[in-house]
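Asker: Following this message is one structure expressed as structure tokens.
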Amino acid sequence: MRAEKAVILTPGAGDRLIWREAARALESLGHRVSAWEADALSLANVRKLFALPPERSGLAAYPALYLSINFQGLDKFGELAAIFREKGVLVAVWCVDNPWNLLSGLRADFWKDAHLFVTDPGFIPGLEAHGAKHVSFLPLATDPAVFSPRETTRQAGGDATPLVFVGRSAFPDKERFFVGQSVPQAIMDEAETRLRAGQRTDFFWWLEELEMETGATPLWPGSAARKAALGAEESSLAWRSACLEAAAPLGLTIYGDEGWARQFPSGKSNAKPPVLCPPLDYYTQLAAVYANAPFSLNMMSFLLPQGLNQRHFDVWAAGGFCLMDACRGLDLFPEELTAPVTFAAPGAIPALVARFTKDPAEKSHLAAAWKEHILAEHTYEDRMRTLTKTIFS
């Protein structure tokens, strides 16, 4: 199968994050993409798809690849994957979130035969040890059509504060996902002590502390990994809150969910509390905020210890300036770009802001270098080229 001839079936609607970018990138590379609503991909509908000639099924040809993001559109018992395997259709899953969190919802081991792509390479050894046969590193990226268009219609003006932060206080349905899970208070206390000392108590740290890394407690099948994930999520919230609290006196606007109001209640004794605003629309508002803000603050989730998030790519692509915590995922970028704009402790944020406020020439030079690098090497077209080459080669 030649990659440039592939028909790719996806269970993604056009308005979902990453689906739109991935589909546009695949089509720009010469693929034919058919996006079906996940609800339409029932076992009966898929069987019907292969029972009809391609021209009657709505496809130019039978699909060569079924591409899912975070296992969306794949049932937990693997029945849909079994049909695809029977028909010679390859299955690929891009795990853009913690893969053990995703796998904890599956009951069958079909994922071991799928082509898995993870945004954090640190998970590859563990997944392979649990039987995964095809695991590759594929980080997130940016879409120039959204964040660096040739003709921009961005609104004029900017934020009233020097710093902005865009992000959730927790992932959706957190309470439901972690129902029945708890972590020992002694380990939580140790995590808080280490955080204050500048150490990142991330998912892998929690696995070690809970003695899951030895293999005595397999991470799949079952939901044992969720206990480590809960610890990492709580540590991550504490870390982000500490960074935001350190930035607040400088003038900070937070765009996010209502959870941030609980972290920064009106009665809290901040000399200058952050301005709390509702979430932004990713496709119509975010680029303008990044472009206009003097500084965008970015802290990586502890659920992906060696991963990166969208802000690592989108802020720079939009022409903004990103101050980032020193996570291990930054190894993806040249050190000469990351070193000047990273902080290892919340207390270092004010000094970074002061430095670049006093030296706008250096700031402009770095922003331009970052944007050039991101657009040259880290777009969704780059990622889809890597994905299809890995699968079809």
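Asker: Regarding I374, is this residue within 20 Å of L138 (Cα to Cα), surrounded by 18 or more Cβ atoms within 10 Å (Cβ to Cβ) and touching a helix residue (DSSP H, G or I) at 6+ places or on another chain (Cβ under 7 Å)?
Answerer: Working: within 20 Å of L138 (Cα to Cα): yes; surrounded by 18 or more Cβ atoms within 10 Å (Cβ to Cβ): yes; touching a helix residue (DSSP H, G or I) at 6+ places or on another chain (Cβ under 7 Å): yes.
Criteria met by I374.
Asker: While we're looking at this one, here's another question. Among what's in region 1-36 and is in a loop (DSSP other than H, G, I, E, B), over 19 Å from V96 (Cα atoms) and not hydrophobic (A, V, I, L, M, F, W, C), pick the residue that is modelled with the lowest pLDDT.
Answerer: Step one: of region 1-36, the residues in a loop (DSSP other than H, G, I, E, B) are 1-2, 6, 11-18, 29-31, 36.
Narrowing further to those that are over 19 Å from V96 (Cα atoms): 1-2, 6, 29-31, 36.
Remaining after also requiring not hydrophobic (A, V, I, L, M, F, W, C): 2, 30-31.
On the way: R2: 49, G30: 94, H31: 93.
Only one residue fits best here, namely R2.
Asker: Sticking with this one: Suppose we filter region 290-349 for residues that are closer than 19 Å to E362 by Cα and out of contact with any strand residue (DSSP E or B) (no Cβ under 8 Å at 6 or more places or on another chain); how many remain?
Answerer: So the count comes out to 12.
Asker: Looking at the structure I just gave you, is P249 surrounded by fewer than 18 Cβ atoms within 10 Å (Cβ to Cβ) and either in a helix (DSSP H, G or I) or at pLDDT 95 or above (or both)?
Answerer: yes
Asker: Next question, about the same structure. Under the condition of being in a strand (DSSP E or B) and over 16 Å from the mean Cα position of the chain (by Cα), which residue from region 131-147 is surrounded by the most Cβ atoms within 10 Å (Cβ to Cβ)?
Answerer: Taking region 131-147 and keeping what is in a strand (DSSP E or B), we get 134-137, 142.
Checking which are over 16 Å from the mean Cα position of the chain (by Cα) leaves us with 134-135.
On the way: H134: 16, V135: 21.
Residue satisfying both the conditions and the ranking: V135.
Asker: From the set of residues in region 148-178 that are within 27 Å of H115 (Cα to Cα) and surrounded by 13 or more Cβ atoms within 10 Å (Cβ to Cβ), which is modelled with the lowest pLDDT?
Answerer: Residue satisfying both the conditions and the ranking: F171.
Asker: Just checking, how many residues over region 105-130 are surrounded by fewer than 22 Cβ atoms within 10 Å (Cβ to Cβ), in contact with a Gly (Cβ under 9 Å, 6 or more places away or on another chain) and aliphatic (A, V, I, L, M)?
Answerer: Summing the residues that are surrounded by fewer than 22 Cβ atoms within 10 Å (Cβ to Cβ), in contact with a Gly (Cβ under 9 Å, 6 or more places away or on another chain) and aliphatic (A, V, I, L, M) in region 105-130 gives 3.
Asker: I've got another one for you. On the basis of being in contact (Cβ under 8 Å) with a residue 40 or more places away in the chain and either assigned to a helix (DSSP H, G or I) or not assigned by TED's automatic domain parsing to the domain that holds A248 (or both), does A367 make the cut?
Answerer: Criteria met by A367.
The values are calculated or read from the model by the stated rules, or taken from the named source; none is laboratory data. This one's a predicted model, so the numbers in the text were calculated from it and none came from an experiment. Glycine also receives a Cβ, built like all others from the backbone with ideal geometry; neighbour counts cover every protein chain displayed.
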